[in-house]
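J.: Next up is a structure, given as structure tokens.
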Amino acid sequence: MKKLTVALLASLMIFSLGFSAWAQESATPQEVYDMVAKAAYLMGELGEDGLAAFNDPNGEFAWKDTYVIVTDCAQKKVVGHPVPQVRQMDPSVIKCKKTGRPILIMSCEETEKDDVQTNGYWGEYWWNKPGTEEVARKVSFTLPVAGTPWIVSAGIWNEDISLDELNAANK
């Protein structure tokens, strides 16, 4: 009986928190693309007033097992993220676990390319899966917000899909 009670309490905690990497449905590349496009439009329309939507861990831009992040490339600063501590971090210390290169700085540099300005791009990096020490491949779609220093991006854990395939689909 004691084991059953513990199991029920654990299940209720997971359900009430709504956040468990193994219990969540995974976002698809299409969902990531659609949400990033929507995020870029929102930021283009609302400017800084739109940031609150990305800072809300229960908001529209935090779904399934991912979220949209907003980076200010001019200030080299995360300005929209559902975890407040990340917004306080220096993006140069958020590095790919495989290459050691700063992920957000690389994204800002990549979006300076002409073809990426309109179409965005899919990139990859390696990061710890939530709640584990396992380092895995994450693919991320990034789109600049026209006429601003901001980029918006979201990613998913995926070991199989090729970047060529993803980038061809969004051209």
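The values are calculated or read from the model by the stated rules, or taken from the named source; none is laboratory data. Since the structure is predicted, the reported quantities are computational estimates derived from the model, not experimental observations. Here the Cβ is made from the backbone with ideal geometry for all residues, glycine too, and neighbour counts use every protein chain on show. We work out accessible area using only protein heavy atoms, side chains counted, and drop any ligands, DNA or RNA first. Shrake-Rupley method; radii C 1.70, N 1.55, O 1.52, S 1.80 Å.
J.: Give, in nm to one decimal, the length gained when the segment between ASN170 and ASP114 is fully stretched (0.36 nm per residue of separation minus the Cα-Cα distance).
T.: Working it through step by step, the gained length comes to 18.7 nm.
J.: So who's got an amide H within less than 5 Å of the one on ASP65, skipping anything under 5 residues away but keeping other chains? H placed 1.01 Å off N, in plane.
T.: ALA27
J.: Per 5 Å bin from zero, what fraction in whole % of the C-alpha pairs of the chain is there, up to the bin with the longest pair?
T.: Binned Cα distances yield the sequence 1, 8, 16, 21, 21, 15, 8, 4, 3, 2, 1, 0, 0.
J.: Would you please name the trypsin sites (Lys or Arg not before Pro) within the stretch 104-153 that are DSSP coil residues with at most 15 other C-beta atoms within 10 Å of their C-beta?
T.: Taking the stretch 104-153 and a limit of 15 other Cβ atoms within 10 Å, the loop trypsin sites (Lys or Arg not before Pro) found are LYS113.
J.: How about the stretch 69-171: which GluC sites (Glu not before Pro) there lie in a loop by DSSP and see at most 12 other Cβ atoms within 10 Å?
T.: Sparse-neighbourhood loop GluC sites (Glu not before Pro): GLU112, GLU133, GLU134, GLU159.
J.: Return one whole number: the accessible area per residue of the chain in Å², for a 1.4 Å probe.
T.: 59
J.: Within the chain, which cysteines find no other Cys whose Cβ is under 4.7 angstrom from their own?
T.: Lacking a cysteine Cβ partner under 4.7 Å: CYS96.
J.: Return a whole-number percent for the relative contact order of the chain, with Cα pairs under 8 Å and 6 or more residues apart as the contact set.
T.: Relative contact order for the chain comes out at 21 percent.
J.: For TRP63 and GLN85, calculate 0.36 nm times their separation in residues minus their Cα-Cα distance, and state this gained length in nm to one decimal.
T.: Extending this stretch completely gives an extra 6.0 nm.
J.: Which whole-Hz couplings ³J(HN,Hα) result when phi for each residue of the stretch 115-128 is put into the Karplus expression 6.51 cos²θ - 1.76 cosθ + 1.60, θ = phi - 60°, listed in order with x for Gly and Pro?
T.: 3J(HN,Hα) across the stretch 115-128, in whole Hz: 5, 6, 4, 9, 9, x, 7, 9, x, 9, 7, 10, 8, 5.
J.: So for the pair LYS97, GLU48, with labels modelled 7 Å out along Cα→Cβ, what separation do we get in nm?
T.: It is 3.6 nm.
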